1. What net charge is computed for the residues neighbouring T181, neighbours being all others with C-beta under 14 Å from the C-beta of T181, Lys and Arg scored +1, Asp and Glu -1?
2. Relative contact order for the chain: what is it in percent, counting Cα pairs under 8 Å that are at least 6 residues apart?
3. How big is the antiparallel share of DSSP beta bridges in the chain, given as a percent to the nearest 5?
4. Based on Cα coordinates alone, diagonalise the gyration tensor for segment 193-244, multiply each eigenvalue by 5, take square roots, and list the semi-axes in whole Å, largest first.
5. Who wins for biggest fluctuation among V97, V67, V186 in a Gaussian network model of the chain, springs between alpha carbons below 10 Å?
6. Loop only per DSSP, at most 14 neighbouring Cβ atoms within 10 Å: give me the trypsin sites (Lys or Arg not before Pro) in segment 27-77, ordered by residue number.
7. Give me the Å³ per residue figure for the convex hull around the C-alpha atoms of segment 117-247.
8. Give, in nm to one decimal, the length gained when the segment between T222 and L146 is fully stretched (0.36 nm per residue of separation minus the Cα-Cα distance).
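Please treat every number below as a calculation from the coordinates, not as lab data. Every value quoted in this text rests on a predicted model; they were computed, and no experiment measured them. Note that we place each Cβ from the backbone using ideal geometry, even for glycine, and neighbour counts take in every protein chain shown.
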Amino acid sequence: MNKTHHEEADLDGAKQTVSGGTGEMFDEIAERYDLLNRILSMGQDQYWRRRAVKSLRIKPGDHILDVATGTGDLAMTIAKVHPLASVQGIDPSANMVAVGNEKLKGGDYERRVTLNIGDGQALNFEDNSFDGAIVSFGIRNFPDRLKGLQEMTRVTKPGRQVVILELSEPRKGPMAIAARTYIHHVVPRIGSALSGKKEYRYLQESIAAFPSAEQFKALMETAGLERVRVTPLSFGAVNLFVGTVKK
Ligand SMILES: C[S@@+](CC[C@H](N)C(=O)[O-])C[C@H]1O[C@@H](n2cnc3c(N)ncnc32)[C@H](O)[C@@H]1O
C-alpha cells in the first residue's frame, strides 16, 4: 500500500487536516457548509449529486470511493440509492469529516459509509480496490488535478467508472449572464453573510479558474480514462464528466 502524508497524520493519532489542497479553508466553514450549499444552489445540489450517482452504474455489493467527501452528502446519497453498496469517503479537512461522521452516527448508513481524513492526490489505497470513484465539487480545489484523476483511475477497477461533478461558469446560452452575475456578485455576498467568513469569495475565483469542459475531458483522457462523456446540467452551471478505466 502506498505510504502518504495522510497515513502519517492517522498514525500519530492526530485527527488533523492534511495539507495538499484547501482543507484548512474548509475547516473554517464546515459547520455551516450544508446549509450554505442548499441556499446558494437554490436546492439544486442534492439533485446534481443524484444525477452523478446514477452515472456510476453501481451494482449490489459494490465498494465506491468518494473523493473530497466533505460532510459526506454524496457518500450518503450513494448509500441511500444503493442499499447494498458500501462507500469510503476521504477528505483532507478534519472538520468537514467530523461533521459528516456526526451526521452518520446512529443512522441507516453508518455501517456502509466510512469517512476518513485523506488527500485525493495521494490516495492511501491499493490499485483496483474500488468498483467506482466519484468526486463532487471537489476537484476544483486540488492543486494538481491531473494527479487527482490519475489516483482515482489507479484505485478503480478496469472497466468501471470515474465520475466528476463540478461547477462551471456558463459562457454562452440563455442563462450565461444571469449565472455569471449570480456566481460573481450574489454567491460571495450571501456566503460571507451567512458564514461570517471570506471563504465564499474563493468560490467564484476557483470556478472561473477551472478549465473548460473540453480541456477537462482531455485531462481525464490523459489520466487514463476512455469514453469520456460530458453532460451539462442546469443550463451549464454544473458539468457531469463520466469516464471508464481502460481494461
Ligand atoms: C465544495 S467541498 C465538496 C464536498 C462534497 N463532495 C460535496 O459534494 O458537498 C470541497 C471539498 O474538497 C476538499 N478538498 C480540498 N483539497 C482536497 C484534496 N487535495 N483532496 C481531497 N479533497 C480535497 C475540501 O476539504 C472540501 O471538503
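1. Working: positive: R171, R180, R189; negative: E169.
Value of the local net charge: +2.
2. Details: 492 pairs, mean separation 49.4, N = 247.
Across the chain, relative contact order equals 20 percent.
3. Working: 14 of 33 bridges.
Within the chain, antiparallel bridges account for around 40 percent of the total.
4. Numbers: eigenvalues 157, 32, 17 Å².
Values for segment 193-244, descending: 28, 13, 9 Å.
5. Of V97, V67, V186, the Gaussian network model singles out V186 as fluctuating most.
6. Details: sites: R32, R38, R49, R50, R51, K54, R57; in loops: R57.
In loop regions of segment 27-77 (DSSP not H, G, I, E or B), the sparsely surrounded trypsin sites (Lys or Arg not before Pro) are R57.
7. Values: hull volume 14.3 nm³, N = 131.
Spread over its residues, the Cα hull of segment 117-247 gives 109 Å³ apiece.
8. Working: separation 76, 0.36 × 76 = 27.36 nm, distance 0.79 nm.
Gain on extension, T222 to L146, equals 26.6 nm.
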